[in-house]
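Novice: My structure is below; once you've seen it, I'll send some questions.
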Amino acid sequence: MKSISGYQMLPLDCLQYIRQLKDKNISVYFEKENINTMDAKGEVLLTIMASLAQQESQSLSQNVKLGLQYRYQQGKVQVNHKRFMGYTKDEDGNLIIVPEEAEIIKRIYREYLEGQSLVGIGRGLEKDGIFTAAGKPRWRPESVKKILQNEKYIGDALLQKTVTVDFLTKKRVKNEGHVPQYYVENSHESIIPKELYLQVQEEIHRRSNIYTGEGKNKRIYSSKYALSAITFCGDCGDIYRRTYWNIHGRKEFVWRCVTRIEQGPEVCKNRTVKEDELYGAVMTAINKLLAGGNNMIKTLEENIHAVIGETTEYQISEINNLLEEKQKELIKLANKGQDYEHLADEIDELRDKRQLLLVEDASLSGENERINELIECTLEYDDKLVRKIIQSVTVYEEHFVISFKSGIEIEI
């Protein structure tokens with residue numbers, strides 16, 4: 001060995017292994033310290049030198065920690081980009097976006113808000129031959145969730161998420177108050193808009209905390225159908241589940257209250273709804289909304305008419321600028337724990353307006369024809385559309401209440 005300091009282990013372990021070698025008449029010679037372990041004085045000297053090496057390693061570790069602490073206090077972000085999908089570093093060490101990988105990140109966020117499960121998103125990526133940041137073909141649900149919860153994709157950075165608790169073994173653990181954490185805003189270019197990131201965090205929380213019914217039973221989120229886990233019983237408050245009736249050998253799909261399925265009509269008497277009836281109620285509510293049943297949609301349509309003849313690129317640019325301002329205000333309120341619902345509604349309205357303007361259909365020539373096309377595309381039931389705009393559906397004996405994510409409720 002060149003030096004004792006080359007041993008990255010505890011001194012006692014070092015001595016133990018050297019003694020085992022001595023028992024086999026194998027000596028270890030440390031060139032730098034001129035120590036031969038077969039010498040009678042070797043072990044005494046080795047113990048002293050091992051202790052010094054430990055102190056040196058501890059001192060070096062402490063200096064590194066202090067250096068990192070200073071950098072964090074200055075807001076300087078240090079990110080390992082080797083296994084960080086979406087980004088790499090330029091010559092100056094700054095994070096820059098990798099366009100191809102950024103599209104994968106956007107896809108993951110989009111599919112999650114469209115109702116896909118973590119497993120479903122992973123399977124889709126595997127099917128398309130997309131590898132993880134570590135170069136592996138298999139996507140684990142935990143890997144997808146980490147991407148969805150990583151604040152670096154909105155251009156921010158939370159520093160010191162983990163901390164080294166043993167300078168010899170280099171063991172790292174989650175930072176749960178061991179050392180201060182630092183949150184740096186706008187440290188690099190973002191891939192995901194901040195309001196979209198917040199929506200994802202809310203959806204993660206919602207899926208993990210589905211408690212329904214009088215007994216507040218824990219329910220598992222299902223991504224198989226758009227209305228799963230968001231259709232509720234107006235009688236007992238439990239969720240409605242998709243099942244089927246066997247009528248003369250023919251399957252007919254229906255939705256029923258889970259409490260009634262599990263405990264019988266004595267506990268919950270609310271009705272069973274045919275799937276066509278449920279889908280029809282949802283689409284009727286959507287069409288009422290689009291037909292101008294509220295001030296928000298009326299204003300939106302007026303704005304579309306006002307700008308439809310103008311340059312679309314200019315209009316989208318104006319909306320993007322306004323969205324950026326609203327997003328910054330929302331993040332500030334969210335960080336302070338203040339109510340940001342009114343801002344979220346404004347952002348939703350602006351995002352819907354922008355989405356309508358982004359619809360590409362060169363075959364449409366007239367103003368009225370273009371708007372009619374946009375409205376007609378929602379006349380038929382569509383899972384993706386429902387996932388994007390419906391918050392919940394409540395089933396009562398004589399009617400439905402459809403709640404939209406914008407806060408609007410329509411009774412059918």
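Novice: Can you tell me how many residues in the range 244-286 are over 23 Å from D382 (Cβ atoms) and not aromatic (F, W, Y)?
Specialist: Looking only at that region, the number is 22.
Novice: Considering (1) open to solvent by less than 50 Å² (accessible area, probe 1.4 Å); (2) under 22 Å from Y225 (Cβ atoms); (3) at pLDDT below 80, say which one D382 fails and leave the rest.
Specialist: Failing condition for D382: (1).
Novice: Failed condition for Y244, given (1) farther than 26 Å from S117 by Cβ; (2) open to solvent by 10 Å² or more (accessible area, probe 1.4 Å), with all others met?
Specialist: (1)
Novice: Right, here's the next one. For the structure I just gave you, tell me whether A362 is modelled with pLDDT under 75 and exposed (fewer than 11 other Cβ atoms within 10 Å of the Cβ).
Specialist: So A362 passes the test.
Novice: On to the next question. Of all residues in the range 381-406, which are out of contact with any strand residue (DSSP E or B) (no Cβ under 8 Å at 6 or more places or on another chain) and part of a loop (DSSP other than H, G, I, E, B)?
Specialist: Y381, D382, Y396, E397, E398, S406
Novice: Restricting to the range 103-120, name every residue that is among the aliphatic types (A, V, I, L, M) and either part of a loop (DSSP other than H, G, I, E, B) or open to solvent by 60 Å² or more (accessible area, probe 1.4 Å) (or both).
Specialist: Scanning the range 103-120 gives a single hit, V119.
Novice: Name the pairs: first residue in the range 120-131 and closer than 13 Å to K145 by Cβ, second residue not in a helix (DSSP H, G or I), Cβ to Cβ under 7 Å, at least 6 apart or on different chains?
Specialist: That search, which allows pairs on different chains as well, returns G120/S223; G122/W139; G122/R140.
Novice: Looking at the range 149-171, can you tell me whether even one residue there is of a type in the set (S, T, N, Q) and at pLDDT 80 or above?
Specialist: Yes; the residues of the range 149-171 include at least one that is of a type in the set (S, T, N, Q) and at pLDDT 80 or above.
Novice: Determine which single condition A229 fails, assuming it passes every other condition in (1) surrounded by 13 or more Cβ atoms within 10 Å (Cβ to Cβ); (2) at negative phi.
Specialist: Just one mismatch for A229, condition (2).
Novice: Here's a follow-up. Can you spot a residue in the range 127-134 that is within 30 Å of I390 (Cα to Cα) and at pLDDT 65 or above?
Specialist: yes
Novice: When residues of the range 84-102 are filtered for being more than 12 Å from I147 (Cα to Cα) and part of a loop (DSSP other than H, G, I, E, B), how many remain?
Specialist: Of the residues in the range 84-102, 6 are more than 12 Å from I147 (Cα to Cα) and part of a loop (DSSP other than H, G, I, E, B).
Novice: For the range 121-146, which residues satisfy the criterion of being crowded, with 17+ Cβ neighbours inside 10 Å and either under 15 Å from V200 (Cβ atoms) or hydroxyl-bearing (S, T, Y) (or both)?
Specialist: Answer for the range 121-146, where residues must be crowded, with 17+ Cβ neighbours inside 10 Å and either under 15 Å from V200 (Cβ atoms) or hydroxyl-bearing (S, T, Y) (or both): I121, T132, S143, V144.
Novice: Next up: Only residues in the range 213-226 that are over 24 Å from Y112 (Cα atoms) and buried (at least 18 other Cβ atoms within 10 Å of the Cβ) count as the first member; pair them with residues that are modelled with pLDDT of 70 or more and of a type in the set (G, A, S), Cβ under 7 angstrom, at least 6 apart or cross-chain, and list the lot.
Specialist: Filtered contacts from the range 213-226: G213/G237.
Novice: Scan E349, E324, E313 and give me the residue that is exposed (fewer than 15 other Cβ atoms within 10 Å of the Cβ), at pLDDT 75 or above and out of contact with any Lys or Arg (no Cβ under 6 Å at 6 or more places or on another chain).
Specialist: Just one listed residue meets the conditions, E324.
The values are calculated or read from the model by the stated rules, or taken from the named source; none is laboratory data. Quantities reported herein were computed from a predicted structural model and do not represent experimental measurements. Neighbour counts are summed over all protein chains in view; Cβ atoms, including those assigned to glycine, are modelled from backbone coordinates with ideal geometry. Side chains are part of the model used for accessible areas, which takes the heavy atoms of the whole protein and leaves out ligands, DNA and RNA. Shrake-Rupley method; radii C 1.70, N 1.55, O 1.52, S 1.80 Å.
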